[in-house]
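Here is the structure we will look at, set down as structure tokens.
Laboratory data are not the source of any read-out in this text; all were calculated from the coordinates shown. None of these values were measured; they are calculated from a predicted model. Cβ sites come from the backbone with ideal geometry, for glycine too, and all protein chains shown count toward neighbours.
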Amino acid sequence: MDRNDFDQQDPDPRPDESLPASVPGDPVVVSVCVTCKASEGALTGPAMFDAILLAKRERDTAVHVRRVQCLSVCKRPTTVAVSSSDGYTFLFGDLQPEGARAVMSFAESYRKSSYGLVPWRERADILRKGMVARLPPVRWSPEDGSAPK
């Protein structure tokens, strides 16, 4: 899928009818930076991408995994984002391929959680330590800036 294909998709995808209305819209996307390099210069992103694909196949989950060319978190490689059109975007850094299952577990919980807000206690330790940012969905913006209830 190239950028033009993505831009031409239906701007208002509907979540699964069996899930609450506040869940993130499909698709839930895991974006893996494939240009991340370790401090000594070794390319680490492709190995993370491969590990996440393997973890996705093991779980047979309805999550889209894609390569991206830099998430601009170069001081915390390897970096992964979990996002959707109607949910928060989570950015994690300092990941190793061994954390791929944790990323996929988070993505599954994200898909079922209100606005993609996976409770802290349900996140793997590697993701708690690797949290870089949590960005609100574009379509949701309360006047007081508070998180949804």
Legend entry - Cβ crowding within 10 Å averaged over residues, with 38-46, 126-134, 75-83 ranked highest first: 75-83, 126-134, 38-46
Inset, instruction - Compute the signed sum of charges (Lys and Arg +1, Asp and Glu -1) over the other residues within less than 13 Å, Cβ to Cβ, of Met131. - result: +3
Legend entry - Long-range amide H partners of Val132 with built H, under 5 Å: Leu91, Phe92, Gly93
Inset, instruction - Can you tell me how much longer the chain between Arg76 and Asp50 gets when fully stretched, taken as 0.36 nm per residue apart minus their C-alpha distance, in nm with one decimal? - result: 7.5 nm
Legend entry - Residues Cys74, Cys36 arranged by fewest to most Cβ contacts within 10 Å: Cys74, Cys36
Inset, instruction - With θ set to phi - 60°, apply the Karplus curve 6.51 cos²θ - 1.76 cosθ + 1.60 along the stretch 65-77 and write out the HN-Hα couplings as whole Hz, x wherever there is a Gly or Pro. - result: 10, 9, 7, 9, 9, 4, 10, 6, 10, 4, 7, 9, x
Inset, instruction - Give the order of Leu135, Leu95, Leu53 when sorted by the count of other beta carbons within 10 angstrom, beginning with the fewest. - result: Leu135, Leu53, Leu95
Legend entry - Footprinting exposure proxy for Tyr88, Tyr115 (fewest neighbouring C-beta atoms within 10 Å first): Tyr115, Tyr88
Inset, instruction - With no solvent and one equal point scatterer placed on each C-alpha of the stretch 24-135, evaluate the Debye formula and give log10 I(q)/I(0) for q = 0.14 Å⁻¹, two decimals. - result: -0.47
Legend entry - Of the GluC sites (Glu not before Pro) in the stretch 69-149, those whose Cβ has at most 11 other Cβ within 10 Å and which sit in DSSP loop: Glu143
